[in-house]
Each structure stands twice: as C-alpha cells, then as structure tokens.
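Notes to accompany the following structure.
Taken together, the values in this text are just the output of simple stated rules run on the coordinates, not laboratory data. Please read all numbers here as calculations on a predicted model, not as lab measurements. Reconstructed Cβ throughout: ideal geometry from the backbone, glycine too, with neighbour counts over all protein chains shown.
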Ligand SMILES: Cc1ncc(C[n+]2csc(CCOP(=O)(O)OP(=O)(O)O)c2C)c(N)n1
Ligand SMILES: [Mg+2]
C-alpha cells in the first residue's frame, strides 16, 4: 500500500537557498512576474472553459510549475528550440505564442495554432521555436535531441531545451537519447520537470533513483537539482547549462524540483496526495507569490504597478477566451488537408 | 453582479454527475481555489473549486441530487459588497461564454456512448439482444457495465490460479486509469497487482519473460496507443517464440486495455489497432462489444496458452448489458456471434463498430431492409465460416470499423468473402471505416472522421441497390 505521503519538507527540499540565484534586474523581475502570471491566469481560464465543455479531451494544466519554463526561456536566444510533452500551454506562452491562438486550439477552432486539429496536447510554432506539444510520454526526448543534432550539424551555437517529466524519465528512449547526445556532444539541455507525481504515482513508487539529476551519470552528462519554484534559481541554472551546451561540451541535465497544484488532467481527482501537501506548497513555495513579495520588498515596483500588471494580464486572458469562444470551428474540408505535403 | 457556478464537465466523456456534497454553506466566504463541493462522476469523486472570491449566496442544487446535467447552475456566488438582495436581481450574470456551435464530442453515435456508472445512475437499456448459443436458455442474467465484467473476469481467474497477476501503469493504487482494475489490489495485494513505471517496452518484455517462466501475466496498457512503445516485444518476442523454439516455449499472456477512439483526445490518443495485431501469426486478437462477451472472452484469454491481445474500448466501459450468472462463464475464442438475424444484408462489426451496426439495423428495418448483424468478437483467428454462411444467405455484406481502410480488417473480410462466397454475392462488399486521416481534435472534424450510423445505413442500402 501507499507509503505515507512525503512531508512537505521533502516535497520542496534541498536546493532552496542552495547556489546563488541569479539576481534579476528590475525589468527581468517584472517581465518574469508578468509571464508567470499570464500562464497562471491562462491555465485557470482553460480549467473553467473545460468545465463548461468548451474544451474537450485531455487538458493538463501547468499551474504551480510556471517558474520553470519562464526562467529557462530567459536564457534562450533566437534560433533556440523548445520541445515538451502534453503539459505544454505554459511553454507555448513563454515562447511568445499568442494566447488567443493557443486558447482557440484548446477549443478546437479554426484559428488555433493547429487549425483545431491538434488540441491541447499538440501545438507547434516553428516561428517561435516551439516544436510541440507531444502526447506520448517520453517521445519528445529523442526528438529534442534531434533538434539539437541539427544545430550541431549546421555548426550554429543554438541549443534545444527538451522538457520532460519525472514519470517520463523512466522511458527507455530517454537513455538512448542521453547516450547519443553525449557521444556526439549535442547542444541539448534536458529539463526534467520533477513535480513529484506521474499521474497518480509518486516518484518514490516509480523510480529506483529519485535524484533525477544523476540519471546522466553513466553517460558522463553533468546534472544538477534546481529549485524550480524560484524563477531566479531556474534562470541561474539555465544560464550555466546553456553556456555549457553552446560551447560545444554536449548535453546538460537540469532537474527542476517543482509541483503541480491541480490533478494530472481535468478528470483526475488527485486522491493520491493530501490537500495539506498541496496547500503547503501553495502557501510557502508559490513561484508567483514569491516573486511578488520579492518585488515589493526590494521596492522594484509598488502595489499599484503590480495591480496594473494583474489587470492587464486578466484582460489579455479574457480576450483569449473570447476569441476562442467566438472563433468558428474548422471548415469540414480541413479534415483531409495536411495529411501530406505536395 | 452575482456569479453562477455551473455544473462542471470533469472528464472527456461526462454529460451529467451527482452532487455528492456541499463543503460550504450559504453565507460562507469563498476564495478562488477553495473547494466548495464534491461531484461524483462515473469514474471518481471530484472536487469543485470556486473560480472567484466572494460569498456563497445560494445553493441551487442541493447535495444528494443525482444526474445533474453539465452546465446546470448549481450555486450563486456574491461578489464583495453584494448581499443576498442581489440574488433577487432578475438574471444573475453567468460567467460563461456562449457555447460552441457544435458541443464537444457529440458525434451522433456517441451521444449515448458516454461512460455510465453503476447505481445511483440510471442504467441505460441493454445495448443488444442476447443470442448466444454458448449461454444456456433460461440462465439468470445480471446487468453490469463492461468495466465491471472485465474486473470480475480478472478477479475470478486470479482466485482460480495463483500464477495469474496484473501489471501496468496505475492499475493498483489508483485502481486503474479507467477503473477497470478497481478493487483488485485490495483483494489480491501488491504482489499480484503491480503498478509499473511508465516503461511500456520494459514491462511488456518483463511480462513476456515471466510468461516464459510459466507465470500468466495480464498486462494492462493504459491505452493501446502506448502499446506502440512495446510493439517490438509484442511481435518479435510474444508472438514468435513458440514457433522459433520449435514448440518448446509458449507465452501465456494477455495484453489488454482500451483501443480505438475515445472522445476529443486527438491523433496520438485515438487509433484503432484491430488491423495491426490481426496481421500477426502467433497472436490471438479479441475485441468484445458488450459486457457478457467481455467477461467470457477475457476469462478464456487468460486461460489460453498463447499471447492474446484484448482490445477494449473506453466509450464502452460504462455501458451496461446483461451477463449470465454462471459460476465459470467462459466463451470460446474464435467464434463470431449472430447478434441480430436477418435476410437482406450481412453487416459485420466488432467492439465499438457494433454500436453503429445495431443502430443502423433498426433504421434499415424501418426501410424494409432486414439486416443480419455478425459480432466478430475475435479478430484472429477469424470465424470465416459464420461470415460465409451469412453471406451465402443474404448475398450482400457491409463491414464496419473505426480503423483505416487500407489493409484494414474490413479489407480482410472482403477478401475472405470473395474467396469463399464469390458466387453468392449480389453486390461488391462495402466497407464503412474511419476516414483516411489522423484523428482530428476539433469536435466537428472528429465526428466526420469516425464512422457513423448514417454511413452504415447508406452502405447497406447501396449494396441492396436501394
Ligand atoms: C507512452 C505513454 N504511456 C502512458 C501515457 C499516459 N500518461 C500521460 S501523462 C502520464 C504521466 C506522466 O508523468 P510525468 O512524466 O511525471 O509528467 P507530468 O504529467 O507530471 O507533467 C501518463 C502515464 C502516455 N501518454 N504515453
Ligand atoms: Mg510528473
């Protein structure tokens, strides 16, 4: 039977305070705050729209994990690539994709990023360097490695950030990728979003080695654990990893210790953990609250300015939801397009 | 303006639910994120969180209410500064955009296909008449969902044989992603009901190894979409080893899980693998359409000394139908069933395709076309004799499948009819199938991509030259 749920001390451990988080400039702090909030509000709205039947199928929310993707995105430059699994809305928004197009895709409408054909789990924007949006656990890992291969092949100094979960970290193709990436010195940062659960399975029940940053050891890939609830720590670690990859040293593993507040998908009652555990993380480690507090304490902005950001973000998300709701469904003829390219 | 809280949709297939419990009282302050109520869906009890801050002004649907339709207003939340007088305002503002032109996941055939739970939900009418020569006349029948029938089959076989065990993602503590293994951990313990990491290729191979050593694993794939990760082990190891070892090493194993399209889960999560596994010598392939067949055939599969691919269907899990109350109800593998006798045209289907076929038969009857429906049940070995005998009688045949046409099961059936009943055919065999595209997400396109009752009716009329 289930081991007692881990105490919150274990949920958000070790790295808190470990290593020096990057100091962010005022602009960076505010931009990160705005982006994390945008993702949070987007996801809350998506959850509501799901409840109203406007979004169907599987819908995996990113609430709680915002600092990971926002911090990593801060170290990327044009031409870098991002790829992830199905918990992907935050990644798309952080990459600069239009929330209206993302929401329209969630609703299966014609102006969604995939013309309504992909849905929540399958969106792409080559223009923004976002390569999906993949539904099969672990499948994005070799693909991300291949994107990095293309960078190396072309001799540019771009990198590919390849995100996957603690559950995905047990798929065999992850290790096949690790080996090739190190063997051929491919510029790929593997970001393991360890939110402690894969669906209903706590990491301690699925993994012999739960320190996932060590998973590259036998391939000689360096790795470290990062406080994924602190956008500054994420950025600092991301900078180091990106520089390593850009310099031609091969892959790097960052294990982000993070947490998802909602169920695995909209239909998961999440009975495998206690409400106290969720509340503990929410209350004491929330990436957005933390950033907000820090901004106020360091007098980078006042309440008024933050309130203004809050309402601008709400406005943006409401617009996205209005857009998605009124966007027509795809034309029936779209059923047969895009199967092949001429 | 007060805000209405609506009954939420909490799963891809949910249309209504029970309001189990209110956790806040009228007058209580609520904050966004607070749990205000518990809702029972067919699969789980879910918490409803408030999306806004305010006061719970009025509860519109009391706890204990059953079958509350999605989107029904269940409560009103008052904003800061509003008091209960605001409730008297003629129309509380509903925080909700207008519904989409076509509501989610409503292909005609799926309207009644929403997963239904056992009590307290009303059981839908049995989905098909029971005409099974393997069930003695006068047998007492119990109505149950396919989900329960599958679980009972596993539990009975596990009680009977200690070498039988279940393994897969979320099968134990979570009670199954689709709740098919509900209660098994509690009865059989963690030694025999095993949660695996997400490593399909690994645990499929491990299961095959355990079978080589004489155990009888039931390996659940959360869905068959994920079994593609394990394809090499299924085909190269499970299917071929008996032959390669000159009959020395058999592989008694069942791979089971939902197959085919669910609702709105897009291309990587909705695919019918009937044809894929049917192609492989060494495998047996079963795809039941109702609870009785699911139970009798799963028990047979677990006892069969060969690797069996057991294709279930998420949409059918919640459907109820009668199951014979027999101590040890085992059906023969490889035998099709005449689900509806008729004289004018033979419609051949299995699994979800039976839903379309049976509804089409009713419509056709109204037009004076008397369709005979064959439920194939087992795809490999295929019961050619039953198909041929029927076509010799009717002279016309239509196949129905969710999968694609090229090299599909329908193509195989058509070839066998041509080989064995060519002289009896009055029209070319017609195939109704999924469209030749990956499954789209959008509700309207998904509906077009799937086969429909109307298409089966059209095809049957066409082969009857009507
Ligand atoms: C190959 C495969 N197996 C199973 C699934 C079903 N599934 C989807 S997400 C998931 C859990 C993944 O957990 P994790 O990698 O930790 O990512 P998280 O959901 O926590 O972001 C499972 C089992 C799948 N999509 N693909
Ligand atoms: Mg996880």
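For chain B, averaging the sequence separation of C-alpha pairs within contact (under 8 Å, six or more residues apart) and dividing by the residue count gives a relative contact order of 14 percent. For the stretch B:335-463, the average shadow cast by the Cα convex hull is 7.3 nm², which is a quarter of the hull's surface. By the Stokes-Einstein formula, at 1.002 mPa s and 20 °C, chain A with its Kirkwood radius over alpha-carbon pairs has D equal to 105 µm²/s.
Inter-part distance, the stretch B:407-466 to the stretch B:1-56, computed on C-alpha centroids, equals 44 Å. Relative to the dominant Cα principal axis of chain B, helix B:353-366 is inclined by about 90°. Each principal axis of the Cα atoms in the stretch A:136-274 has its own extent, and those three values, largest first, are 49, 32, 27 angstrom.
Taken as Cα centroids, the stretch A:44-64 and the stretch B:311-359 sit 35 Å apart, rounded to the nearest whole angstrom. Prolate is the label for the stretch B:3-80, because the ratio a/c of its alpha-carbon gyration tensor axes (a ≥ b ≥ c) is 1.5 or higher and a/b is greater than b/c.
Within 10 Å of the Cβ of each residue in B:9-16, the mean number of Cβ atoms contributed by other protein chains is 5. Based on DSSP H segments of at least four residues, each scored -39500 (n - 2.57), chain A has a per-residue ellipticity at 222 nm of -13000 deg cm²/dmol. Counting DSSP beta bridges with both partners in the stretch B:141-324, what percentage is antiparallel, nearest 5? Approximately 25 percent, going by the DSSP bridge assignments. Counting Cβ atoms of other protein chains within 10 Å of each Cβ in A:332-339 and taking the mean gives 5. The simple Förster model, with R0 at 41 Å and r as the Cβ-Cβ distance, assigns residue B:384 and residue A:274 a FRET efficiency of 0.15.
Could you list B:401, A:303 in order of exposure, starting from the residue whose Cβ has the fewest other Cβ atoms within 10 Å? Mind showing how you got there, number by number?
On the way: B:401 30, A:303 10.
Neighbour counts put them in this order, fewest first: A:303, B:401.
The alpha carbon centroids of the stretch B:164-201 and the stretch A:123-159 are separated by 34 Å.
A simple packing score, the average count of other Cβ atoms within 10 Å per residue, orders the peptides B:456-465, B:146-155, B:56-65 as B:146-155, B:456-465, B:56-65, with the highest score first.
Shape descriptor for the protein assembly as shown: Rg over Rh equals 0.98 (Cα atoms; Rh from the Kirkwood inverse mean 1/r). The slack between residue B:45 and residue B:160, meaning 0.36 nm per residue of separation minus the straight C-alpha distance, is 38.2 nm.
Per-residue shielding of B:226-238, expressed as the average number of other chain Cβ atoms within 10 Å of the residue Cβ, stands at 1. For chain B, DSSP calls about 50 percent of its internal beta bridges antiparallel.
DSSP bridge analysis restricted to the stretch B:335-463 gives an antiparallel fraction near 20%, rounded to the nearest 5.
According to the calculation over all Cα-Cα pairs in chain B, the P(r) per 10 Å bin from zero is 4, 19, 27, 24, 15, 8, 3, 1, 0 %.
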